[in-house]
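Notes follow once the structure below has been shown.
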Amino acid sequence: MVQREKAGDSTRLKLVSLLPRLRRFAGILAGDRAACDSLLRTACQAMLADSHRFQRGTPFDRWAFAELYAHWLEALRDHDDPIAQGRGDGTLFLAAFSGAAKSDGEIVATVGLLAKLPPQQRSAALLVYGEGFSYEDAALILDTTPQTVIERAARALSAHIGLTGPSEGAAGQGAPVASLYPNQRQAS
């Protein structure tokens, strides 16, 4: 019994340290503040109750993000209008990408763009570009293939470039295309 309580306390401490990152991800998925907070609360309660499901050797953040994503999918299945759940509230995305933006204008453009993207593209972009997960780890979180994550993130990036123009988008700011896809080998 004491061993189980220590594991639960450890899980609780790790979850507390991940809360800002998990909240960003819940916001990207849920689309509005009330749904974000509800999803985060439900997922964290389940992770604490089922902490025994965490497998040693697995990065804790990857497990927590995957559990949050699984709870979001479950909530979508139970919702009367799952399509409406894909619409986003742009203010939730500000914290997710503000560190990558160069100016206030770019932040506003990024927030507006993210709100318009489907949740699959938003989540792939956040996990890869915002949270720094590899394509393989993002694929494990989203329960899909790395190729699918690459395609979703690329669509999100191309939508950003298409809306802001090539001179204002990420590739137009002097960043080499190879750096946008760090896990891909550059064709010669």
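The values are calculated or read from the model by the stated rules, or taken from the named source; none is laboratory data. Just so you know, these numbers come straight off a predicted model, no measurement behind them. Because the Cβ atoms are built from the backbone with ideal geometry, glycine has one as well, and the counts that use them run over all protein chains shown.
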Provide a single number: the residues in segment 24-61 that are in contact (Cβ under 8 Å) with a residue 60 or more places away in the chain and among the basic types (Lys, Arg).
-> 1
Looking only at residues in segment 39-97 that are of a type in the set (S, T, N, Q) and buried (at least 17 other Cβ atoms within 10 Å of the Cβ), which one is modelled with the highest pLDDT?
-> SER51
In this structure, does VAL111 turn out to be touching a helix residue (DSSP H, G or I) at 6+ places or on another chain (Cβ under 7 Å), modelled with pLDDT of 70 or more and not basic (Lys, Arg)?
-> no
